[in-house]
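Asker: The structure's right below; bear with me while I get my questions together.
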Number of protein chains: 2
Amino acid sequence: MLSTMQDVPLTVSRILRHGTTVHGRSRITTWTGNAEPQRRTFAEIGERTAQLAHALRDGLGIARDDRVATLMWNNAEHVEAYFAIPAMGSVLHTLNLRLPAEQLVWIVGHAADRAILVDGSLLPLLAPLLPRLDTVEHVVVVGPGDTSVLDGCRPAVHEYEALLAGRPTAYDWPELDERTAAAMCYTSGTTGDPKGVVYSHRSVYLHSMQVNMGECMGLTDADTSLPVVPMFHVNAWGLPHAAFMTGVNLLMPDRFLQPAPLAEMIEAERPTHSAAVPTIWQGLLAELAERPRDISSLRHVTIGGSACPPSLMRTFEERYGVRVVHAWGMTETSPLGTVGHPPGGLSGEDAWPYRVSQGRFPASVEARLIGPDGSEMPWDGKSAGELEVRGPWIAGAYYGGAGAEPIRPEDRFSPDGWLRTGDVGTVTPDGYLTLTDRAKDVIKSGGEWISSVELENHLMGHPAVAEAAVVAVPDEKWGERPLATVVLKEGAGKVSYEELRDFLADKVARWQLPERWTVIPAVPKTSVGKFDKKVLRARYAEGELDVTRL
Amino acid sequence: MLSTMQDVPLTVSRILRHGTTVHGRSRITTWTGNAEPQRRTFAEIGERTAQLAHALRDGLGIARDDRVATLMWNNAEHVEAYFAIPAMGSVLHTLNLRLPAEQLVWIVGHAADRAILVDGSLLPLLAPLLPRLDTVEHVVVVGPGDTSVLDGCRPAVHEYEALLAGRPTAYDWPELDERTAAAMCYTSGTTGDPKGVVYSHRSVYLHSMQVNMGECMGLTDADTSLPVVPMFHVNAWGLPHAAFMTGVNLLMPDRFLQPAPLAEMIEAERPTHSAAVPTIWQGLLAELAERPRDISSLRHVTIGGSACPPSLMRTFEERYGVRVVHAWGMTETSPLGTVGHPPGGLSGEDAWPYRVSQGRFPASVEARLIGPDGSEMPWDGKSAGELEVRGPWIAGAYYGGAGAEPIRPEDRFSPDGWLRTGDVGTVTPDGYLTLTDRAKDVIKSGGEWISSVELENHLMGHPAVAEAAVVAVPDEKWGERPLATVVLKEGAGKVSYEELRDFLADKVARWQLPERWTVIPAVPKTSVGKFDKKVLRARYAEGELDVTRL
């Protein structure tokens, strides 16, 4: 039996229309460094969004489903692109400006972007790549910049404001099927080609509602949010879309992401909320300790991207009265996967075990843990498994390229369509997730899992150990066993492997203790400073490590 | 271009599964009068919901799409029915126990309900109707009650707890298309047969997200909500579904809706939120003035159903620190249409014009005003029109009956599918709605509209006037003109029609002044105490009124 409800699609244009009318007075303030900030009301953004859509369609010939890339910081013009491109039925493709040049070239080609909107300040990054961006027909330069670097380039070059000028300030947005592509974002995996995640109008809409729910960020038009997390990083965690849904004012940092300008813009523009990775907040704390600023407007900060040190959370709360809330997600999850509010209004010390977890799943994110033998593990806070998730804003495939079928690698999607996150952890009976390892770093020993991260953390608690990385190595009897690689502190004197093993003995189960040990001068690191375990595994396989077996 | 997102339906079973696991510790407390309240965790509700679904399917033979009615107060068992029936793929039909017997019989027959769950305390209401409820095969009695009144009735009679006992506490909920019917509710219009609105799983899910958004009620599992608004009245404004989505604890009043027990349960169980029509709050205020109670736990109260007197809002806020928020909606809008939070955190006196309006539309409720000539009126806070709305939880038709097509009366649905609310009002540029009249009570005079309510309110400000009702009467020149019917205060002495007209002259435009006047002994009223204008119009048409023409 069918309902008698109206069949109305959930689309980006609906968010845009609402934000620019009912919340037309809300504002985007973009930081400009030393000059006065640029200020635009949502109503003005609405007119400019219409102009941009006319410019793209009539000026550049951008059609339905065409991909339009942005290489931009967080600013008002980027928000205009965020709404105009999906609302007109084209696909917004945000480019991560921190990716290596090779990957950017590959990604633009794979998405077959027809145009790129680029901040003038980022022209030096784009210009050298342009000769290899075969699909790109138009480059639109936003704001001031040295356009001479584009002289002689193949694509047509346009100036953003000139392109918009004089065009109609209203656009008859098409009513799209809510499952149509709205935006895309490529993940930069450490192995293989980048993978494209294609968000739908439906997923963006539902995710925006979730962000604004009281159990999540719960923002309203009484708030001003400062998204430090880049708009090229999973849609700035959904904040621009969520803001237009409820009229949240936005304070945009543009390229001024250093601690000093961040402190300055918080003091001057008084945001109530912000979102960023932990390193940003560590930098801000250090800055504030040296040059105090008034950040009393901030009430609530969302931290994600990597685990946040509890000390950082405590300092923010105790010294500045800012509530720090953990969140976990990934490009494939739009990104909202969990949010770390404690249950039932628990506060004080009782709340900390919950607050330092990755957080709790919302109703739209179904989760399960798959253990070493492929069976579902209980939510008991102890049993570990790989986290798999399912929901209306979770990816079920990767983009296959123009005209090609979506791709569903077995190691990323289960046969019944759930996303394999590649993260290993535990879940409490009340749905709080704690991640311990990446699945590829877990040691699969005789049908059980050994957490490499747990062994590392214990080892790094030994007074003689500076760093320790534990990796899985092949073992005839057990399948895999842990290899402990240890960097000793300078001047720590001699310490035997037996002593290190005994140090672990009362901290982990006996069968988890490594037999294989080696001292190395330094742990190899990735470009973002994480332990590069695949290098260690390769060195072991090549016999380059001097391993002692106990 | 399609997205790569998972295609996961928004269903009631998803809300249920989430609420009974992640929020398994949240509770429903049902007031029982003098005894200890009944307390159940969401986890327990989950097990009992599974048992109820097994009982309905295996015990009573209820199949997909079958309608199951409830004639119940707000209590834990009603919540069990709320989830079990839609989650198993059947359709929950809540019966309004305040409807006249004739309408209840008609509605049960039209919906073709196969079973009715009834509170024991409501058996005296149901029993006399049963012989005429031809489609009903099963009556399930919940809680204590005098079942002897059912002796010899045709349908099979079951006792709720006995029916559930021993059945499995888990159920393999089917994954339904989100556009499937989940629940239905009939409107009791003053003219014609009642009309059935059929909610979908999708509309219930999206509405629940909206209720929990910060701009709306923004509730979390740190809250306890007391829905005084009945669960047979538009799903208790969505609160039970919304509660299971975020773990909001529920305090259920059952049949104890009088001011004294309400005050008592608020003091004892300390809810943070409540929702009811204004008369409930007026009664509570009077009760508290006489017998003070501690209601300090209440922070936020949602008022809807009819306009709330500002004095009531102020008293609650100033005397008890309870924030009163207006909301507007109807059965056809699930019901959330607008919520009256002031814009941008405005507070104090500046906020009042917004707070006494019906409130602001959320992103999912698109609105337009259609003026006297059928054209769209501007949102300028002055131009009046009939409110039409569109959105994913707004009805686009009424239920046509089993096997029949949905019905779309012209006066309720526009040709392009919008709901004609039958309410006339204005909207400010920032989306705040103020309703002034029912469309059928507006006087259409020469292509302009005259508000009967405005004329009445002004007239009732005259010291000699007790009541005044203004209705449209036919006029050869203008189409319609206002007829003022006036009830004079006892002992107010003589007052001429000219004096009353002059009293209005500086309050409304000259062309709006009534020419036709009559004094009547009392304004005829409907069963719920509203002015019954159709009776006045009929009396005028029949020449029964002694009308003076100025």
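The values are calculated or read from the model by the stated rules, or taken from the named source; none is laboratory data. Predicted, not measured: the structure shown is a model, and the values here were computed from it. Methodologically, a virtual Cβ is constructed for each residue, glycine included, from the backbone with ideal geometry; neighbour enumeration extends over all protein chains shown. Remember, those area values only see protein heavy atoms, side chains included, never the ligands or the DNA or RNA. Shrake-Rupley method; radii C 1.70, N 1.55, O 1.52, S 1.80 Å.
Asker: Identify all residues within segment A:485-519 that are aromatic (Phe, Trp, Tyr) and closer than 13 Å to A:Pro463 by Cβ; write none if there are none.
Answerer: Quick first cut of segment A:485-519, residues aromatic (Phe, Trp, Tyr) only: A:497, A:503, A:511, A:517.
If the condition is that a residue be aromatic (Phe, Trp, Tyr) and closer than 13 Å to A:Pro463 by Cβ, then A:Phe503 is the only one that fits.
Asker: Still on this structure, please answer the following. Considering only segment B:38-68, state which residues are under 17 Å from B:Leu176 (Cα atoms), buried (at least 19 other Cβ atoms within 10 Å of the Cβ) and either within 14 Å of chain A (Cβ to nearest Cβ) or touching a Ser or Thr at 6+ places or on another chain (Cβ under 8 Å) (or both).
Answerer: Hits for segment B:38-68 are B:Ala50, B:Ile62, B:Asp66, B:Arg67.
Asker: Can you find a residue that is at pLDDT below 95, of a type in the set (A, V, I, L, M, F, W, C) and at negative phi anywhere in segment B:71-82?
Answerer: No: zero hits.
Asker: If you take the residues of segment B:264-297 that are open to solvent by 10 Å² or more (accessible area, probe 1.4 Å), part of a loop (DSSP other than H, G, I, E, B) and modelled with pLDDT of 95 or more, which of them is nearest to B:Asp254 (Cα to Cα)? Quick ask: steps written out before the conclusion?
Answerer: Start the filter on segment B:264-297 by keeping residues that are open to solvent by 10 Å² or more (accessible area, probe 1.4 Å), which leaves B:264, B:267-270, B:272, B:277, B:279-280, B:282-283, B:285-287, B:289-294, B:296-297.
Narrowing the set further to residues that are part of a loop (DSSP other than H, G, I, E, B) leaves B:270, B:272, B:277, B:291-294, B:296-297.
Okay, now just the ones that are also modelled with pLDDT of 95 or more, so B:270, B:272, B:291-294, B:296-297.
Numbers: B:Arg270: 17, B:Thr272: 18, B:Arg291: 22, B:Pro292: 23, B:Arg293: 20, B:Asp294: 21, B:Ser296: 22, B:Ser297: 20 Å.
Out of the qualifying residues, it is B:Arg270.
Asker: Just checking: which of the strands (runs of 3 or more DSSP E) contained wholly in segment A:150-259 hold 2 or more residues that are touching a residue at least 40 places away in the same chain (Cβ under 8 Å) and surrounded by 24 or more Cβ atoms within 10 Å (Cβ to Cβ)?
Answerer: Values: elements: A:156-159, A:181-187, A:195-200, A:224-227, A:249-252.
In segment A:150-259, A:181-187, A:195-200, A:224-227, A:249-252 are the strands (runs of 3 or more DSSP E) which contain 2 or more residues that are touching a residue at least 40 places away in the same chain (Cβ under 8 Å) and surrounded by 24 or more Cβ atoms within 10 Å (Cβ to Cβ).
Asker: Among the residues of segment A:375-404, how many are open to solvent by less than 30 Å² (accessible area, probe 1.4 Å), among the small types (Gly, Ala, Ser) and either more than 11 Å from every other protein chain (Cβ to nearest Cβ) or not in a strand (DSSP E or B) (or both)? Working first, answer last.
Answerer: So in segment A:375-404, the residues open to solvent by less than 30 Å² (accessible area, probe 1.4 Å) come out as A:383, A:385, A:387-389, A:391-401.
Remaining after also requiring among the small types (Gly, Ala, Ser): A:383, A:385, A:391, A:395-397, A:400-401.
Pick out the ones that are also either more than 11 Å from every other protein chain (Cβ to nearest Cβ) or not in a strand (DSSP E or B) (or both) and you get A:383, A:385, A:391, A:396-397, A:400-401.
Matching residues across segment A:375-404 total 7.
Asker: Could you please find all residues in segment A:83-99 being touching a residue at least 24 places away in the same chain (Cβ under 8 Å) and surrounded by fewer than 21 Cβ atoms within 10 Å (Cβ to Cβ)? Can you show your working first?
Answerer: Looking only at segment A:83-99, we keep the residues that are touching a residue at least 24 places away in the same chain (Cβ under 8 Å), and these are A:83-97, A:99.
Within segment A:83-99, A:Asn96, A:Leu97, A:Leu99 meet the criteria.
Asker: I'm trying to understand the selection: among the residues of segment B:410-421, which are more than 12 Å from chain A (Cβ to nearest Cβ) and either more than 20 Å from B:Thr436 (Cα to Cα) or crowded, with 22+ Cβ neighbours inside 10 Å (or both)?
Answerer: Matches in segment B:410-421: B:Glu410, B:Pro415, B:Thr421.
Asker: If I go through segment B:106-131 residue by residue, how many of them are farther than 23 Å from B:Pro144 by Cβ and either under 21 Å from the mean Cα position of the chain (by Cα) or in contact (Cβ under 8 Å) with a residue 60 or more places away in the chain (or both)? Break it down stepwise before answering.
Answerer: At the first step, the residues of segment B:106-131 found to be farther than 23 Å from B:Pro144 by Cβ are B:106-114, B:131.
If we keep only those that are either under 21 Å from the mean Cα position of the chain (by Cα) or in contact (Cβ under 8 Å) with a residue 60 or more places away in the chain (or both) as well, we get B:106-108, B:110-112.
Total satisfying the criteria: 6.
Asker: Let me ask another. Return the residues of segment B:322-348 that are of a type in the set (Val, Ile, Thr) and either open to solvent by less than 10 Å² (accessible area, probe 1.4 Å) or over 13 Å from B:Glu215 (Cα atoms) (or both); say none if nothing qualifies. Explain how you work it out, then say what you get.
Answerer: Just the residues of segment B:322-348 that are of a type in the set (Val, Ile, Thr), to begin with: B:322, B:324-325, B:331, B:333, B:338-339.
Selection gives B:Val322, B:Val324, B:Val325, B:Thr331, B:Thr333, B:Thr338.
Asker: Counting only residues that are in contact with a Lys or Arg (Cβ under 7 Å, 6 or more places away or on another chain) and of a type in the set (A, V, I, L, M, F, W, C), which one in segment B:83-122 is farthest from B:Tyr399 (Cα to Cα)?
Answerer: First pass over segment B:83-122, keeping only residues in contact with a Lys or Arg (Cβ under 7 Å, 6 or more places away or on another chain): B:88-91, B:93, B:105, B:111-114, B:121.
Now drop any that are not of a type in the set (A, V, I, L, M, F, W, C), which leaves B:88, B:91, B:105, B:111-112.
On the way: B:Met88: 21, B:Val91: 13, B:Val105: 16, B:Ala111: 8, B:Ala112: 12 Å.
The qualifying residue farthest from B:Tyr399 (Cα to Cα) is B:Met88.
Asker: Of the numbered conditions (1) among the hydrophobic types (A, V, I, L, M, F, W, C); (2) within 9 Å of chain A (Cβ to nearest Cβ); (3) part of a strand (DSSP E or B), B:Val424 satisfies every one except a single condition; which is it?
Answerer: (2)
Asker: Within the bounds of segment A:30-37, is there any residue that is within 14 Å of another protein chain (Cβ to nearest Cβ) and open to solvent by 10 Å² or more (accessible area, probe 1.4 Å)? Explain how you work it out, then say what you get.
Answerer: Going residue by residue through segment A:30-37, those that are within 14 Å of another protein chain (Cβ to nearest Cβ) are none.
Scanning segment A:30-37 turns up no residue that is within 14 Å of another protein chain (Cβ to nearest Cβ) and open to solvent by 10 Å² or more (accessible area, probe 1.4 Å).
Asker: Counting just the residues of segment A:349-374 that are of a type in the set (Gly, Ala, Ser) and more than 14 Å from chain B (Cβ to nearest Cβ), which one comes out least open to solvent (accessible area, probe 1.4 Å)? Before you say what the answer is, go through the steps one by one.
Answerer: The initial filter retains those residues of segment A:349-374 that are of a type in the set (Gly, Ala, Ser), namely A:351, A:357, A:359, A:363-364, A:367, A:371, A:374.
From the residues that got through so far, the ones that are more than 14 Å from chain B (Cβ to nearest Cβ) too are A:371, A:374.
Working: A:Gly371: 5, A:Gly374: 53 Å².
Only one residue tops the list, namely A:Gly371.
Asker: Still on this structure: Report, by residue number, each residue of segment A:499-523 that is open to solvent by less than 20 Å² (accessible area, probe 1.4 Å) and either under 12 Å from A:Ala468 (Cα atoms) or in contact (Cβ under 8 Å) with a residue 40 or more places away in the chain (or both).
Answerer: Selection gives A:Leu500, A:Leu504, A:Val508, A:Pro514, A:Arg516, A:Trp517, A:Thr518, A:Ile520, A:Val523.
Asker: I need the full set of residues from segment A:8-23 which are within 7 Å of another protein chain (Cβ to nearest Cβ) and open to solvent by 20 Å² or more (accessible area, probe 1.4 Å), in order please. If you could, list the steps in order and put the result at the bottom.
Answerer: Taking segment A:8-23 first, the residues within 7 Å of another protein chain (Cβ to nearest Cβ) are A:8, A:10, A:14-15, A:18, A:21-22.
The one that is within 7 Å of another protein chain (Cβ to nearest Cβ) and open to solvent by 20 Å² or more (accessible area, probe 1.4 Å): A:Thr21.
Yes/no matrix, rows are residues, columns are (1) within 23 Å of B:Leu369 (Cα to Cα); (2) touching a residue at least 40 places away in the same chain (Cβ under 8 Å):
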| residue | (1), (2) |
| --- | --- |
| B:Ala402 | no, yes |
| B:Glu405 | no, no |
| B:Trp418 | yes, yes |
| B:Thr428 | yes, yes |
| B:Gly479 | yes, no |
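Asker: Quick one: in segment B:445-459, of everything that is over 28 Å from the mean Cα position of the chain (by Cα) and more than 11 Å from B:Phe503 (Cβ to Cβ), which residue is surrounded by the fewest Cβ atoms within 10 Å (Cβ to Cβ)? Steps first, answer last, please.
Answerer: The initial filter retains those residues of segment B:445-459 that are over 28 Å from the mean Cα position of the chain (by Cα), namely B:445-448, B:458-459.
From what's left, more than 11 Å from B:Phe503 (Cβ to Cβ): B:445-448.
Numbers: B:Ser445: 19, B:Gly446: 13, B:Gly447: 10, B:Glu448: 16.
Checked segment B:445-459; the qualifying residue surrounded by the fewest Cβ atoms within 10 Å (Cβ to Cβ) is B:Gly447.
Asker: Kindly evaluate B:Leu130 against the criterion of being assigned to a helix (DSSP H, G or I), under 16 Å from B:Leu104 (Cβ atoms), of a type outside the set (Lys, Arg) and touching a strand residue (DSSP E or B) at 6+ places or on another chain (Cβ under 6 Å). Even if it seems obvious, please write down each step before you answer.
Answerer: Values: assigned to a helix (DSSP H, G or I): yes; under 16 Å from B:Leu104 (Cβ atoms): yes; of a type outside the set (Lys, Arg): yes; touching a strand residue (DSSP E or B) at 6+ places or on another chain (Cβ under 6 Å): no.
When the stated conditions are applied, B:Leu130 does not pass them.
Asker: Let me ask something additional. Going through segment A:299-311 one residue at a time, which ones are surrounded by fewer than 20 Cβ atoms within 10 Å (Cβ to Cβ), closer than 25 Å to A:Pro362 by Cα and more than 15 Å from the chain's Cα centre (by Cα)? Steps first, please.
Answerer: Going through segment A:299-311, the residues surrounded by fewer than 20 Cβ atoms within 10 Å (Cβ to Cβ) turn out to be A:299-300, A:306-307, A:309-311.
Okay, now just the ones that are also closer than 25 Å to A:Pro362 by Cα, so A:299-300, A:306-307, A:309-310.
Correct list: A:Arg299, A:His300, A:Pro309, A:Pro310.
Asker: Next up: With respect to B:Asp221, is the statement that it is within 9 Å of chain A (Cβ to nearest Cβ) and not β-branched (Val, Ile, Thr) true?
Answerer: Numbers: within 9 Å of chain A (Cβ to nearest Cβ): yes; not β-branched (Val, Ile, Thr): yes.
Here the answer is yes, as B:Asp221 does meet what is asked.
Asker: Another question, then. Can you pull out every residue in segment B:2-26 that is more than 21 Å from B:Met252 (Cβ to Cβ) and in contact (Cβ under 8 Å) with a residue 60 or more places away in the chain?
Answerer: Filtering segment B:2-26 down to residues more than 21 Å from B:Met252 (Cβ to Cβ) leaves B:2-11, B:13-14, B:17, B:21-22.
Listed by number, the residues that qualify are B:Pro9, B:Leu10, B:Thr11, B:Ser13, B:Arg14, B:Arg17, B:Val22.
Asker: Next question. Within segment A:225-239, is there a residue that is among the hydroxyl-bearing types (Ser, Thr, Tyr) and within 11 Å of chain B (Cβ to nearest Cβ)? Reasoning before the result, please.
Answerer: First pass over segment A:225-239, keeping only residues among the hydroxyl-bearing types (Ser, Thr, Tyr): A:225.
Narrowing further to those that are within 11 Å of chain B (Cβ to nearest Cβ): none.
No, because not a single residue in segment A:225-239 is among the hydroxyl-bearing types (Ser, Thr, Tyr) and within 11 Å of chain B (Cβ to nearest Cβ).
Asker: Going by the conditions given, is A:Lys489 in contact with a strand residue (DSSP E or B) (Cβ under 7 Å, 6 or more places away or on another chain), within 20 Å of A:Ser306 (Cβ to Cβ) and either in contact (Cβ under 8 Å) with a residue 60 or more places away in the chain or surrounded by fewer than 18 Cβ atoms within 10 Å (Cβ to Cβ) (or both)? Break it down stepwise before answering.
Answerer: Working: in contact with a strand residue (DSSP E or B) (Cβ under 7 Å, 6 or more places away or on another chain): yes; within 20 Å of A:Ser306 (Cβ to Cβ): no; either in contact (Cβ under 8 Å) with a residue 60 or more places away in the chain or surrounded by fewer than 18 Cβ atoms within 10 Å (Cβ to Cβ) (or both): yes.
In short, no.
Asker: All but one of (1) in contact (Cβ under 8 Å) with a residue 60 or more places away in the chain; (2) within 14 Å of chain A (Cβ to nearest Cβ) hold for B:Leu435; which doesn't?
Answerer: Going through (1) in contact (Cβ under 8 Å) with a residue 60 or more places away in the chain; (2) within 14 Å of chain A (Cβ to nearest Cβ) one by one, B:Leu435 breaks only (2).
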